[in-house]
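Here is the structure we will look at, set down as structure tokens.
The values are calculated or read from the model by the stated rules, or taken from the named source; none is laboratory data. Note that this is a predicted model, so its numbers are computed, not measured. Here the Cβ is made from the backbone with ideal geometry for all residues, glycine too, and neighbour counts use every protein chain on show. These area figures cover heavy atoms from the full protein model, side chains too; ligands, DNA and RNA do not enter into them. Shrake-Rupley method; radii C 1.70, N 1.55, O 1.52, S 1.80 Å.
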Amino acid sequence: MRIALNILQALILILGAPLVRGIIARCKAFLQRRQGASIWRPYSDLAKLFHKEDLVPPTASSVFRLVPFGLFGTTICVAAFVPLVQPSALLASRGDFILFVYLLAMGRFFLSLGALDGGSAFGGMGASREALISSLAEAPFLLSFVAVAILASHADFAGMVAWTLQQNIFNVSAVHMLAFTSLAMVVIAETGRMPVDNPTTHLELTMIHEGMVLEYSGPRLALIEWSSAVKLHAMLALLVALFFPWGMVSNVSAGAVILALLLYCAKVVLLIVLLAVIESGMAKLRMYLVPDFLGVASAVSALAVIFTMLDKR
Amino acid sequence: MGLVEVATGKILSSFSVFLFLTILLMVVSRRISTSIVLFSVQSAIIAAEAFATAFRERLAAAYVVAALIVVIKVVAIPRAFFGLVSHLKTSTDVKASTTPTQSVFIAAAMIYLSYAAVQSYEQSVHVPEDALAAPVALILTGAFLMVSRNKALMQMLGLLVLENGIFLAALTTTFGMPLVIEIGVFFDVLIGLLLMGVFAFRIRDTFDHLDVSKLRRLRG
């Protein structure tokens, strides 16, 4: 039963990811007083791309062809780490948060290789920017997990979530608040959302993620788009699991699972609305201000780690 | 009725955490308007704490003080500030002399320092450590905002943050000062703000900007 639930969690993360994108786009459209596309639009986009012809630049090597599969593979592994409705996941007790962070980094490494191999100038530029941002985001990313891990005295997500579940919902600790703040900033930077990167642009000198996928087309582009959607969904789910896990099932029963699923959907939609408000309300940062943005995240996460010494609860 | 009591207890024990968040956001904000909104939020948190104290200690005067905070610090002062910003027609930048990263590290260090400072008082006063450290951190951050921002408006805001800290210190340690003194303090703040507002207009009219770092040339 537990294993079935674990598989269900991973499937929700992977198959529900385009829907998350659709809802974000819809929320942004609503905030900008546009009509907006249906929330199921990303699925039809993916289906269309899977049926299209795959064009590969003549200068590209086999790396270019293999990259989307590597990226999709690592992203699926990442999705298997995140608990949704119960405090465990397929791989949550097999690997700790460090493996999680570096699996994500490996996916980015593949994508940068593909971008460089594609041979366009935009690809190289996007890859170098992505490398800069991810190397700056790595410290706050790890440190905010470290802070929560110290409190829970578990290094794997299953243990951390199980510990948080036992805490009182009203006892907001400084550590959790600071770690949440810095992790939310990292999520924005890592998934290429608004103040750091504009996900809706295709022809700008400032693009990062879109610059890297410019040379891809057809099924390979579909895989890349899908894995970036899964990454976004997994990060949002991780924020929910680590900081607002209340409502997850501890004793598996049909009613509890359905309730937990509904609660999970509500929490993710809440985060999505927040993300849409941030994206619509903020202008994109200049490239040289991104290190400042991530510097603030690092300082906040370092403070979270320091605070673990202060409140031993 | 039980829910209200639980809520008051939680407000008193864990709202200071949100005060730390407003402090951190305030030192990184780039625009005056963001800082003003954050000040309003910070005052709202303090008002919630004052209401909770009033409820728990059954103090009628504390309700009045809390209501005064809502009226003056959450609504009136921020509105007056927005009015000042739009009348003065200056740039919206806060003109910080430290980068956001430096500021956040300094603010973090000050929060840590405030914990260290109140550690020896924790046993004698029966309040949680967070609630004792928050006012000290507010006082320190207010002072830091005053010395690190070059805009005259931000220095006024820093003074108000500092005043918030002093009020919160009185509230957490002695459940607030007598009503007459509190009203006197509010009156003081309002008059001070009025004077500073007039002064900001004069600075702007004489020098065409509000950057106080350039006022040193007056010496001579």
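Among all lysine pairs in the protein assembly as shown that are eight or more places apart or on different chains, how many have alpha carbons less than 16 angstrom apart? Write out the running numbers ahead of the final one.
Values: A:Lys28/A:Lys284; B:Lys89/B:Lys151; B:Lys95/B:Lys151; B:Lys95/B:Lys214; B:Lys151/B:Lys214.
So the count of such lysine pairs works out to 5.
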With all protein chains present, calculate the accessible area of A:Glu215 using a 1.4 Å probe and round the result to the nearest 10 Å².
60 Å²
On a 1.4 Å probe surface of the protein chains, which of A:Cys265, A:Cys27 comes out largest in accessible area, and what is the full order?
A:Cys265, A:Cys27
Interface call, segment A:175-189: threshold 10 Å², probe 1.4 Å, accessible heavy-atom surface of protein chains, chain by itself vs complex, result A:Met177, A:Leu178, A:Thr181
Please get the size of the charge dipole for segment B:3-215, origin at its Cα centre, with Cβ charges of +1 on Lys and Arg and -1 on Asp and Glu, quoted in debye to the nearest 20.
680 debye
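Roughly speaking, to the nearest percent, how much of segment B:62-215's 1.4 Å accessible area is carbon and sulfur? Before the final figure, lay out each step's value.
Working: 5150 of 7240 Å².
Carbon and sulfur together cover 71 percent of it.
Please list A:Met177, A:Met1, B:Met146 in order of solvent-accessible area, largest first, computed with a 1.4 Å probe with all protein chains present.
Values: A:Met177 20, A:Met1 150, B:Met146 60 Å².
The ranking, largest first, comes out as A:Met1, B:Met146, A:Met177.
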Most mobile listed residue (A:Arg33, A:Arg286, A:Arg220) in chain A, GNM with C-alpha springs under 10 Å:
A:Arg33
With θ set to phi - 60°, apply the Karplus curve 6.51 cos²θ - 1.76 cosθ + 1.60 along segment A:293-307 and write out the HN-Hα couplings as whole Hz, x wherever there is a Gly or Pro.
4, 6, x, 4, 4, 5, 4, 5, 6, 4, 4, 4, 5, 4, 5
Averaged per residue, what accessible area in Å² does segment B:165-212 show with a 1.4 Å probe, protein chains only?
57 Å²
Using a probe of 1.4 angstrom, how much of the accessible area of segment A:2-312 is carbon and sulfur, in percent?
70 percent
Taking all pairs of distinct Cα atoms, average 1/r, flip it, and tell me the Kirkwood hydrodynamic radius of chain A in Å to one decimal place.
20.0 Å
For B:Asp93, what accessible area in Å² do you get when you roll a 1.4 Å probe over the heavy atoms of the protein chains, rounding to the nearest 10?
70 Å²
Quick one: how many Å² of A:Arg41 are accessible to a 1.4 Å probe, rounded to 10?
120 Å²
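If DNA, RNA and ligands are ignored and the probe is 1.4 Å, what is the ranking of B:Lys95, A:Lys231 by accessible area, most exposed first? Numbers along the way, then the final one.
Details: B:Lys95 70, A:Lys231 30 Å².
So, going from the largest accessible area down, we get B:Lys95, A:Lys231.
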Among B:Thr173, B:Val4, B:Pro78, whose Cα lies farthest out toward the positive end of the dipole of segment B:3-215, if unit charges sit on the beta carbon of Lys, Arg (+1) and Asp, Glu (-1)?
B:Pro78
In degrees, nearest 10, range 0 to 90: what is the angle between the Cα axis of helix A:174-190 and the longest Cα principal axis of chain A?
10 degrees
Please give the average number of partner chain Cβ atoms lying within 10 Å of the Cβ of each residue in B:102-113, rounded to a whole number.
4
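Can you pull out the buried accessible area for chains B and A, both sides counted, probe 1.4 Å, rounded to the nearest 100 Å²? Please report the intermediate quantities before stating the final value.
Values: alone 11340 and 14200 Å², together 23820 Å².
Roughly 1700 Å² of accessible surface disappears when B and A pair.
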Given an 8 Å cut-off on Cα distances and at least 6 residues of separation, report the relative contact order of chain A as a percent.
29 percent
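Mind checking the mean number of beta-carbon atoms from other chains within 10 Å of the Cβ atoms in B:16-27? Let's see the in-between values first.
Working: counts 2, 10, 3, 0, 5, 6, 0, 0, 7, 3, 0, 1.
What the average comes to for B:16-27 is 3.
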So, with +1 on the Cβ of K and R and -1 on the Cβ of D and E, and no other charges, what is the size of the charge dipole of chain A about its Cα centre, to the nearest 20 debye?
660 debye
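Under the rule of -39500 (n - 2.57) per DSSP H run of 4 or more residues, summed and divided by the residues of chain B, what mean residue ellipticity at 222 nm is obtained, to the nearest 500 deg cm²/dmol?
Calculated mean residue ellipticity at 222 nm is -26000 deg cm²/dmol.
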For segment B:119-220, what are Rg and Dmax over the alpha carbons, in angstrom?
17.2, 54
Angle, helix A:2-15 long axis vs. longest principal axis of chain A, Cα atoms, 0 to 90°, nearest 10?
40 degrees
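Can you give the charge dipole size of the protein assembly as shown about its Cα centre, rounded to the nearest 20 debye, using +1 on the beta carbon of Lys and Arg and -1 on the beta carbon of Asp and Glu?
Details: 38 positive and 30 negative charges, 202 e Å.
Result for the protein assembly as shown is approximately 960 debye, rounded to the nearest 20.
For segment A:160-313, just say rounded, prolate or oblate: build the C-alpha gyration tensor, square-root its eigenvalues into a ≥ b ≥ c, call rounded for a/c under 1.5, and beyond that prolate if a/b exceeds b/c, oblate if not. Don't jump to the answer; show the numbers that get you there.
Numbers: a/c = 2.58, a/b = 1.36, b/c = 1.89.
Since a/c reaches 1.5 but b/c is at least a/b, the shape of segment A:160-313 is classed as oblate.
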Here P(r) for the protein assembly as shown, Cα-Cα distances in 10 Å bins, as whole percents, is 4, 16, 24, 24, 18, 10, 3, 1, 0
Mean-square fluctuation maximum in Gaussian network of chain A, Cα pairs under 10 Å, restricted to A:Leu151, A:Leu259, A:Leu91, hits A:Leu259
So, how do all the Cα-to-Cα distances of chain B break down into 5 Å bins, in percent, from 0 on up?
1, 7, 15, 19, 18, 16, 11, 7, 4, 2, 1, 0, 0, 0
May I ask you to evaluate 6.51 cos²θ - 1.76 cosθ + 1.60, the Karplus curve with θ = phi - 60°, for each residue of segment B:84-94 and list the ³J(HN,Hα) values in order in whole Hz, giving x for glycine and proline?
4, 4, 6, 6, 6, 6, 9, 5, 7, 5, 7
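What is the ratio of the Cα radius of gyration of segment B:5-103 to 2.2 N^0.38 Å, with N the residue count, to two decimals?
Working: Rg = 16.0 Å, N = 99, 2.2 N^0.38 = 12.6 Å.
That works out to 1.27 for segment B:5-103.
Over chain B, what is the mean sequence separation of C-alpha contacts under 8 Å (at least six apart), divided by residue count, expressed as relative contact order in percent?
Values: 250 pairs, mean separation 48.1, N = 220.
Rounded, it is 22 percent for chain B.
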If you take each beta carbon of peptide B:126-136 and count the beta carbons of other chains within 10 angstrom, what is the mean?
1
Using Cα atoms only, what is the angle between the long axis of helix B:60-69 and the major principal axis of chain B, expressed in degrees (0 to 90) to the nearest 10?
30 degrees
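Considering every Cα-Cα pair within segment A:56-169, what fraction, in whole percent, is farther apart than 23 Å? It would help to have the intermediate numbers written out before the result.
On the way: 2691 of 6441 pairs.
The calculated P(r) of segment A:56-169 puts 42 percent of pairs beyond 23 Å.
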